[in-house]
Amino acid sequence: MDEKKLRVYTTAVSIAGLSVFLLSLWEVYPYYLPGSSRGDIWSYSLMMVLLMVVCRMLPIYFAEDKTLEISFVPVLACAITGGAPLAVVLFGVSTLFTVMQNPATKHYYWPLAREPRKELFNTGNILVSISAGGLPLLLAGMPDNLASLPALGLSLLFAALCILVNLTLFILYYQVGGMGQFGTLMRQNIGGLLPNIIATVPLGLLLGIVINMPNSYFYIVLFMAPLMLARYSFKLYLDSKSMHMRTIAALSMAVDAKDHYTQGHSRRVAYYSEAIARAMHKSPSFVADVKTAALLHDVGKIGIDDAVLNKPAALTAEEFELIQQHPVMGRKIIDSIRFSDTVNDAVLYHHHRYDAKGYPAEGPAPGELPLSAAILAVADTFDAMTSDRPYRNGMSREQALAVMQEVAGSQLDPKVVEVFISLAPELDAAHEPEESLL
């Protein structure tokens, strides 16, 4: 990470945001002068700032590690009813009053005091994005009738431009810091644009319509109530899902603790498996299932005698036959939890081999190993070969990859091996944080 370049870049974006804010303030300050045609501007501004603060403090969770900051909803409503410059100014003002919650400690803090450089960069990014999104509104002019197709079209353009510029500036942050390539990061994240637009544009347009109604304050409260209820429901769901994942992680650590010679094995296999699934451009649900399966793949070892698991020498044929039972035992253990077939197949068949000559003997035909099991097999094999055991030292990364190339097409799925080898230089399990599993 190039800290010097990052400081220059974040400072430049912060200055750009401040410049946009000052130019917008210069344009809208006449609205607040006595005798202005916008007689309700003070109450309107107070209402919009309050909505932006509340929405930013209470994002809607739509995935375990992703949120939709619904502060964009009042920003869009403000842009289509008051103009993009006013939206820039009011969002900038709202930043001064926004407090955030630390997910770990549940304590609230003021970002500008705790993380000033980060918050100034984020705010500058958003202000520049709002200004860019306002260009179609400036050029075409927002129609008076917000419940019309032209209004919907301009709202979509505003949202698309705003979110695209915001994403681009964030990706450039990683590019400048040497943490990724622009094209790769854009391809990985561009898919998130559509859900954001679909989720926020109708709400923003509807809020704009409500604002223009008589007694709008009363209707705004009615408008926000179901939004907050939806947020609360999603939060409850994700809290239960998080607890579920923590239980899985605890079970995984219990297995690693039982087998003294494979400490951290499940964590590393989960790290490798997740990286492979992402590199193969699989769906988020598939990636999550593969990660879960990796954490649980050795859970069947709970039913195997400690003396066999921790034997400081090579296993006898009888002992190895006992070890071979752990995939079936693991599958039985997780049966009652109702995991997806992706998880179940990976746990049961990660030792079955691509050519169907592994264990358990009954299973998919040669070449038909489920992808989740094939991914897990590659990750498990690599970690097993590179880990030290009492009776042998672990291989180097290069040696392990060479062996994997040799057994590709027999023991391992050749396509998965190819993907893993392409990823190997970027993977370093020693630096993968524990909390990434939860």
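Values quoted throughout were computed directly from the atomic coordinates according to the rules given, and no laboratory measurement underlies them. Because the structure is a prediction, the values reported are computed rather than measured. Note that each Cβ is placed from the backbone with ideal geometry, even for glycine, and that neighbours are counted across all protein chains shown.
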message = On C-alpha positions alone, give me the angle between the axis of helix 72-82 and the longest principal axis of the chain, in degrees, nearest 10.
response = 20
ask   = Taking only the alpha-carbon positions of the stretch 239-437 and ignoring solvent, what does the Debye formula give for the base-10 log of I(q)/I(0) at q = 0.11, 0.13, 0.19 Å⁻¹?
value = -0.46, -0.66, -1.57
ask   = What per residue convex hull volume, in Å³, do the alpha-carbon atoms of the chain yield?
value = 167
note = The ³J(HN,Hα) series, computed from each phi in the stretch 204-210 with the Karplus coefficients 6.51, -1.76 and 1.60 at θ = phi - 60°, rounded to the nearest Hz and given as x for glycine or proline, is x, 5, 5, 5, x, 5, 5
message = Please arrange 165, 347, 49 by how many other C-beta atoms lie within 10 Å of their C-beta, fewest to most.
response = 165, 49, 347
ask   = HN-Hα J couplings of the stretch 296-304 from phi, Karplus 6.51/-1.76/1.60, θ = phi - 60°, integer Hz, Gly and Pro as x?
value = 9, 4, 9, 4, x, 5, 4, x, 9
From phi via Karplus (6.51, -1.76, 1.60), per-residue ³J(HN,Hα) for the stretch 44-56 in Hz, x at Gly/Pro = 4, 5, 4, 5, 5, 4, 4, 4, 5, 5, 4, 5, 6
remark   = Over 23 Å (Cα to Cα) among 5/118; 291/357; 311/415; 4/118; 291/332; 5/282 -> 291/357; 311/415; 5/282
